[in-house]
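Just so it is clear, none of the values below were taken in a lab; they were calculated from the coordinates. Quick caveat: nothing in here was measured; it's all calculated off a predicted structure. Here Cβ is always computed from backbone atoms with ideal geometry, including for glycine, and neighbour counts include all displayed protein chains.
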Amino acid sequence: MRLMSSAKTERLVNLTMALLGTKRYMTKSEIFRRVAGYSGSNETKERMFERDKDDLRTLGIEIEVASHDPLFEDEVGYRIRAEVFQLREKFDSEELGLVSLALGLIANSDLGDSTQSLNRRINSLAVSPITPDEFRLSDIDITENGLSELLNALSDRRTVTFQYRKEGSSRGEDRRVNPLGLSAWRGSWYLIGEDLDRDDVRVFKLSRFSSKIELVSASNSYSIPKDFSIKDYLVMLKPGEYRVAVKVRRALALNLRNLSESITQLDEDWDLLNVNFKDQEQALREILWMGPDAVVQEPAELRSLVVASLQKLVSNHG
């Protein structure tokens, strides 16, 4: 079973290319007219477009929304800034190793068909991929039962039913859930969904599912709240209390941007991020990974640790 229909995948690609290619903001009426894949009544096209925006946002593609002239109440338009979307032109051996590792993990999954051409591209490069020692394939598993079905249900906004075993229990309970999000943590997958019989948002660990997943509603039977965030429900993803102000180069440091509470543009080259890390160790590790593309502003003790770590690196390796 594929994660989404080929028609929808093609429409998402068409929409992304159109918003990347435009130099001004495209209105919805222009999008419906120019982007292949939008059909039906205006209401149908509106629903398709709202879901497509959510799906692109989930994939980490940021869509800017603004009007052509802020002084007048024009119809709002949409675009994707190329500098935010594009990847860096060059990767070092360890970064390529991580990409190769990820491709190897999904080779036997529903996404496997898309990995072959990417592997050929990587193998043709002059830089040989090197997987860092701290990553082990044996510690990672993305093939949990029900993952594909839940991804499809989430994409189509369809209600699911299944039996679920609570911790410490050997018997499963019937659950009827509207999927809101999926996330992986340390080799396990979690479903965040609206439990319709308990009228509450709950978190379900896929390894505790004790039955097959059944789709029990038509497509578009519910909508995901615009303010929904997986981080609000998974304790391990909630931000820490070690607050850091760090200056990063534009269009880089995606991981830090995802963790940040606020982003302020300083100039054409730099942004200022306010990030809450779990502790000083995590902050130091994440910022050192960025090298010269990240500069700590506050707190002073972290800035000193970064400088000392870089000086030690130069001393050891020249």
Problem set entry | FRET efficiency estimate (nearest 0.05) - Cβ-Cβ, T44 to E75, R0 22 angstrom | 0.70
Seminar exercise, completed: Short to long, in 5 Å steps from zero, the percent of alpha-carbon pairs of region 239-317 per bin is 3, 16, 29, 26, 16, 7, 3, 0
For this session: Can you tell me the order of 220-229, 152-161 when each peptide is scored by its average per-residue count of other Cβ atoms within 10 angstrom, highest first?
Result: 152-161, 220-229
Exercise. For the charge dipole of region 147-230, defined by +1 on Lys and Arg C-beta atoms and -1 on Asp and Glu C-beta atoms about the Cα centroid, which residue among L191, Y222, S210 has the Cα displaced farthest towards the positive pole?
Worked result: S210
For this session: Quickly work out the L272-to-M17 label distance, labels modelled 7 Å from Cα along the C-beta direction, and quote it in nm with one decimal.
Result: 4.1 nm
